[in-house]
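What follows is a set of notes on a single structure, which appears directly below.
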Amino acid sequence: MKMIIAVVQDKDSNRLSEALVKENIRATKLASTGGFLKSGNTTFLIGVRDDQVDSVLKLVKENCQSRKQMMAPMSSMGGNADSYVPYPVEVEVGGATVFILPIDRFEQF
Amino acid sequence: MKMIIAVVQDKDSNRLSEALVKENIRATKLASTGGFLKSGNTTFLIGVRDDQVDSVLKLVKENCQSRKQMMAPMSSMGGNADSYVPYPVEVEVGGATVFILPIDRFEQF
Amino acid sequence: MKMIIAVVQDKDSNRLSEALVKENIRATKLASTGGFLKSGNTTFLIGVRDDQVDSVLKLVKENCQSRKQMMAPMSSMGGNADSYVPYPVEVEVGGATVFILPIDRFEQF
Ligand code: NI
Ligand code: NI
Ligand code: NI
């Protein structure tokens, strides 16, 4: 068995959760924060059989991959009129960091 | 050494905590949520010597094992009178999922 | 690669975080509580190359090591005058528990 530890952005967390439930894969979710990003993220702990690892990685990639997104113009709160950008801007969202660790033993009570 | 990762229901968490303290076993607790269950659970990280694994598993089993419990009749909040069940019902509570991972090295500062 | 799981006291958490960022090492932080200590602590998940383990351990030691600190006299809230200590007392603060686990595989999306 393997323990998949996946750190994903909060905005992708529900989507990944639902995708895992659909494939009948149990995950435990922990609220986390990143060292670089100030924004919150979610850490998934997913214990799976060795032959399930690749399909879980595929689900993480499909639902959380780093991607460009157009963001509607918006003045920053409390900012002055000079910082207002009057056209949509492209921003990077999502992204996932995934570690796969060996499991010696698994028990369910 | 081994890292025991035990996911248990919140309602069993304090009892397991106290049982571990009594046996002088240190645990770190993380608030977590499950992919299937909407209700909160607690993830225990327990680093132990190889020869302590079985006694920790025994404590988890004793304090968190899935079991039937009678629940007093209760109408659901905001529900109508039709959904009121006028007799105790048996519900399943507890349960634990436990992963045992190898540890390469341990340090304390 | 290795997964470093470091449990440190909340009061040292920001300092460790900043030290890691400065060395360009990514960490995921989880709010946690300890079995013995009632006070909150922070669990760092740090995935690194094998040759980075020792420098991360050095950072944890430098920023979180258990140490004595003088605490200004203070009467406990709601305590009576008898329990007031009219001189500074030495208390133990900090400390870190660190586990290093093997990683089979690492992916970034
Ligand atoms: Ni395996
Ligand atoms: Ni060992
Ligand atoms: Ni390695």
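Once region B:1-27 is narrowed to residues that are without any contact (Cβ under 8 Å) to a residue 24 or more places away in the chain and open to solvent by 20 Å² or more (accessible area, probe 1.4 Å), the residue that is nearest to ligand 1 (Cβ to nearest atom) is B:ARG26.
With respect to A:VAL85, determine if the residue is within 11 Å of chain B (Cβ to nearest Cβ), modelled with pLDDT under 95 and outside any strand (DSSP E or B). Spell out how you get there, then give the answer.
Values: within 11 Å of chain B (Cβ to nearest Cβ): no; modelled with pLDDT under 95: yes; outside any strand (DSSP E or B): yes.
For A:VAL85, the condition - within 11 Å of chain B (Cβ to nearest Cβ), modelled with pLDDT under 95 and outside any strand (DSSP E or B) - is not met.
Does region A:40-55 include one or more residues that are open to solvent by less than 20 Å² (accessible area, probe 1.4 Å) and in a loop (DSSP other than H, G, I, E, B)? Scanning region A:40-55, I find no residue that is open to solvent by less than 20 Å² (accessible area, probe 1.4 Å) and in a loop (DSSP other than H, G, I, E, B), so the answer is no.
The values are calculated or read from the model by the stated rules, or taken from the named source; none is laboratory data. As the structure is a prediction and not an experimental result, all values here were calculated from the model. Heads up, the Cβs are rebuilt from the backbone with ideal geometry, glycines too, and the neighbour counts pull from every protein chain shown. Side chains included, ligands, DNA and RNA excluded: accessible areas come from the protein's heavy atoms. Shrake-Rupley method; radii C 1.70, N 1.55, O 1.52, S 1.80 Å.
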